[in-house]
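Chemist: Attaching a single structure in structure tokens format; questions to follow.
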Amino acid sequence: MTRRRITVLAGGVGGARFLRGLSRRTDPADVTVIGNTGDDEEFFGLHVSPDLDTVLYTLAGRADPVRGWGVKGETLQNRFGVTAMGSRPNAPTATPIPSASRTTLEPMAAG
């Protein structure tokens, strides 16, 4: 018997939920996902693929069920802290913290 291969174009919450249902009804090894990268951005110098993240978190059972995106239980405190230090989220690379606000780190004494 020939195996049936399924290819899905998916992105975001709707695509992730569709794939979750599909993976319950068919062998996930028979499914190929082509994910949306059109909404990719750079935040604080890091490449972020929100639609791919949502699909992965959902299929792994880690997506936040209330929001439908992100990781269940995440606090976003790191993002707020970086923003409070003066970095702009959509800057091509993280904006340096002004030198007057920096803490000088002294090397540890050899032991």
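The values are calculated or read from the model by the stated rules, or taken from the named source; none is laboratory data. Quantities reported herein were computed from a predicted structural model and do not represent experimental measurements. All Cβ positions, even for glycine, are placed from backbone atoms using ideal geometry, and neighbour counts span all protein chains on display.
Chemist: What about residue 87, is it closer than 30 Å to residue 22 by Cα, polar (S, T, N, Q) and modelled with pLDDT under 95?
Modeler: So residue 87 does not fit the description; no.
Chemist: Please state which of the following conditions residue 58 fails to meet, knowing it meets all the rest: (1) surrounded by fewer than 14 Cβ atoms within 10 Å (Cβ to Cβ); (2) assigned to a helix (DSSP H, G or I).
Modeler: Of (1) surrounded by fewer than 14 Cβ atoms within 10 Å (Cβ to Cβ); (2) assigned to a helix (DSSP H, G or I), only one is false for residue 58: (1).
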